[in-house]
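Report on the following structure.
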2 protein chains.
Amino acid sequence: MLEHWIDGPTKSAIADFVAHAVTDIAPEDRVAVFDNDGTLWCEKPAYIQLDFVVRRLAEKAAGDPALRSQQPYRAAAEGDLAWFGGAITKHYRGDDSDLELLAVAGLSLHVSMTVDEYAARVAEFFAHAEHPTLGRPYRECTYAPMVSLLRHLEAHHFTCYVVSGGGRDFMRPVTGALYGIPPERVIGSAQGLSFDGTGDLVIQPTLDVFDDGPEKPVQIWSRIGRRPIVAVGNSNGDDEMLRYCRGLRLLVHHDDADREFAYTAGAERALEHAHAQGWTVISMRDDWATVFGA
Amino acid sequence: MLEHWIDGPTKSAIADFVAHAVTDIAPEDRVAVFDNDGTLWCEKPAYIQLDFVVRRLAEKAAGDPALRSQQPYRAAAEGDLAWFGGAITKHYRGDDSDLELLAVAGLSLHVSMTVDEYAARVAEFFAHAEHPTLGRPYRECTYAPMVSLLRHLEAHHFTCYVVSGGGRDFMRPVTGALYGIPPERVIGSAQGLSFDGTGDLVIQPTLDVFDDGPEKPVQIWSRIGRRPIVAVGNSNGDDEMLRYCRGLRLLVHHDDADREFAYTAGAERALEHAHAQGWTVISMRDDWATVFGA
């Protein structure tokens, strides 16, 4: 039970809440929602999906030299990852010029591909792609204590969902193998789709859902129609989802530079609310016996 | 097994397909999708949700006399149901003027209500509202053979979803009792929602999803992430969902004026495709031993 968690107040808070839920809450209302990036798998030095996008941009630039003079293709082709980080930094300073270039290019990458073709590309990426600094494939960058928390909740008849700002269809091809979460329980951002004449669903160059911040509770209701009693996140983008939850709110604090990364940037507001409202803060360093497992 | 179905080619087609699926298709891929209006419950002489809306418009007009001179409030207050039918008829002739008045008024009815408050209103409606001609409460206007088909599929480890042009949050409060379908398996049209400062989800005056026609396969993918192997519908709005399905396609033909209604209006294209592509047409008159059960 709760393998990979170190005995202490965090583990006890989880175990106590689950024990209480089992006697007080009907199984169908035992809904648990988990953010993905930084909560179930590693999000540093960059989102895994951003690496996927950068590789695809580089491939596209390689096949079309005219693109190579334009951003973000040039940065992708030259392996200039700082440009991508800079686009986000500029965004926080109120300058969206680079982020918009990236969004338009990113949304164009898989246009007119079917959802099945896109899923095959994602599966291929996860079969081979490695984390840039941790020395392991991305598919082994999931947090072992979180997977054991998923299993602990399921053993007590909770239904667990992933609720991520990342792409719904980027996660679905691997959530079964990585987390035991089937596609119908993956909620995330999504490009527009259209039903074409041949009976397939084809990707459009539009953003249909950006599942972050206040959109997370909206998507939870849209998809599930129940209010979660367990919510787990790590950043400001999870703040509203945690506030929407009535029950156990868990916030992963990345304070483990030795085994993973130590950072609070992007989590300031969530950490503040956690302290003010008594949410349970998970210290990666103190609460987890291992981060990634064997 | 398949109670309320008369022995014959339709019942055999269903039983044979299910028997084949059980040996050939993994349980997690046994996904079945059901339209609601005209497929699981009666949609004549008007959609049940339209009756709900008209009653709410009349209530609002009663509380605000200034509204009573305007459509659609006047028609609602005067019980002039022909006006509402006329709005739809005009729409098919290319004149959306009345339908737009109805849409704006309908979308405004529950603005700033929480999703829980709305659910309570819907539950209250179904506790009392009666069908105008069938002499039974709306909650008893579901088709008994369809409920037994849901149970037959579940007994063979299918997962069944409602996929309706009707309101997702209008159906959810009753799908459990009427069909044994929980809220997370109800897909439908939806108003915009926003997460408010107090931590609740509040209805907005916008239409977020209109789950009809080509939007049905898109919503099925968005919500489930799997392609159905059973699809059941009755109208042109189900045509794309039936074409998206790989497996058993069932189309309810309303040909039973004695026990329910007889009509093909709004189902012309779907019936044509059914005949051209060998979908299974369910004759309400010939295939169902009872329509509404005891």
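The rows are residues; the columns are (1) in contact with a strand residue (DSSP E or B) (Cβ under 6 Å, 6 or more places away or on another chain); (2) at pLDDT 95 or above; (3) under 26 Å from A:Leu134 (Cα atoms); (4) not aromatic (Phe, Trp, Tyr).
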residue: A:Gly192; (1), (2), (3), (4): yes, yes, no, yes
residue: A:Lys216; (1), (2), (3), (4): yes, yes, no, yes
residue: A:Arg269; (1), (2), (3), (4): no, yes, no, yes
residue: A:Gly293; (1), (2), (3), (4): no, no, yes, yes
Filter result (over 25 Å from A:Ala129 (Cα atoms) and either part of a loop (DSSP other than H, G, I, E, B) or among the polar types (S, T, N, Q) (or both)) within region A:55-88: A:Ser69, A:Gln70
Condition first: within 30 Å of B:Ala15 (Cβ to Cβ) and either polar (S, T, N, Q) or within 13 Å of chain A (Cβ to nearest Cβ) (or both). Can you find one or more residues in region B:102-114 that meet it? no
Among A:Glu268, A:Glu240, A:Glu260, A:Glu272, which is within 14 Å of chain B (Cβ to nearest Cβ) and either surrounded by fewer than 21 Cβ atoms within 10 Å (Cβ to Cβ) or farther than 18 Å from A:Thr10 by Cα (or both)? A:Glu240
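For A:His91, are the conditions met, namely being in contact (Cβ under 8 Å) with a residue 60 or more places away in the chain and either within 14 Å of chain B (Cβ to nearest Cβ) or part of a helix (DSSP H, G or I) (or both)?
Working: in contact (Cβ under 8 Å) with a residue 60 or more places away in the chain: no; either within 14 Å of chain B (Cβ to nearest Cβ) or part of a helix (DSSP H, G or I) (or both): yes.
When the stated conditions are applied, A:His91 does not pass them.
Going residue by residue through region B:28-41, is there one that turns out to be assigned to a loop (DSSP other than H, G, I, E, B), within 14 Å of chain A (Cβ to nearest Cβ) and out of contact with any Lys or Arg (no Cβ under 8 Å at 6 or more places or on another chain)?
Let us first name the residues in region B:28-41 that are assigned to a loop (DSSP other than H, G, I, E, B), namely B:30, B:35-36, B:38-40.
Next cut, within 14 Å of chain A (Cβ to nearest Cβ) only: B:30.
With out of contact with any Lys or Arg (no Cβ under 8 Å at 6 or more places or on another chain) added as a condition, the list becomes B:30.
So far as region B:28-41 goes, yes, one or more of its residues are assigned to a loop (DSSP other than H, G, I, E, B), within 14 Å of chain A (Cβ to nearest Cβ) and out of contact with any Lys or Arg (no Cβ under 8 Å at 6 or more places or on another chain).
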Which of the helices (runs of 4 or more DSSP H) contained wholly in region B:112-183 include at least 2 residues that are in contact with a strand residue (DSSP E or B) (Cβ under 6 Å, 6 or more places away or on another chain), in the same structural domain as B:Ala26 (by TED's automatic domain parsing) and among the aliphatic types (A, V, I, L, M)? B:144-155, B:168-179
When you look at A:Asp208, is it surrounded by fewer than 23 Cβ atoms within 10 Å (Cβ to Cβ) and of a type in the set (D, E, K, R), yes or no? yes
Name the pairs: first residue in region A:7-33 and farther than 27 Å from A:Glu184 by Cα and in contact (Cβ under 8 Å) with a residue 60 or more places away in the chain, second residue surrounded by 13 or more Cβ atoms within 10 Å (Cβ to Cβ) and not polar (S, T, N, Q), Cβ to Cβ under 6 Å, at least 6 apart or on different chains? A:Thr10/A:Ile282; A:Thr10/A:Asp287; A:Lys11/A:Leu2; A:Lys11/A:Trp5
Name the residues in region B:131-179 that are within 12 Å of chain A (Cβ to nearest Cβ) and surrounded by fewer than 18 Cβ atoms within 10 Å (Cβ to Cβ), would you? B:Gly176
So B:Ser235 clears everything in (1) at the interface with chain A (Cβ under 8 Å from one of its Cβ atoms); (2) more than 21 Å from A:Glu184 (Cα to Cα) except one condition, right? Which one? (1)
With the structure loaded, tell me whether B:Ala77 is aliphatic (A, V, I, L, M), over 30 Å from A:Trp221 (Cβ atoms) and loosely packed, with under 12 Cβ neighbours inside 10 Å or whether it fails that test. no
Return the residues of region B:180-193 that are more than 7 Å from chain A (Cβ to nearest Cβ) and farther than 20 Å from B:Val218 by Cα; say none if nothing qualifies. B:Gly180, B:Ile181
Residue hits (region B:197-226; at the interface with another protein chain (Cβ under 9 Å from one of its Cβ atoms) and not hydrophobic (A, V, I, L, M, F, W, C)) are B:Gly199, B:Asp200, B:Asp208, B:Gly213, B:Pro214, B:Glu215, B:Lys216, B:Pro217, B:Ser222, B:Arg223, B:Gly225, B:Arg226
Would you call A:Ser194 under 30 Å from A:Pro27 (Cα atoms) and surrounded by 15 or more Cβ atoms within 10 Å (Cβ to Cβ)? no
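The values are calculated or read from the model by the stated rules, or taken from the named source; none is laboratory data. Since this is a predicted model, take the numbers as computed values, not measurements. FYI the Cβ positions are ideal-geometry reconstructions off the backbone, even for glycines, and counts take in every protein chain you see.
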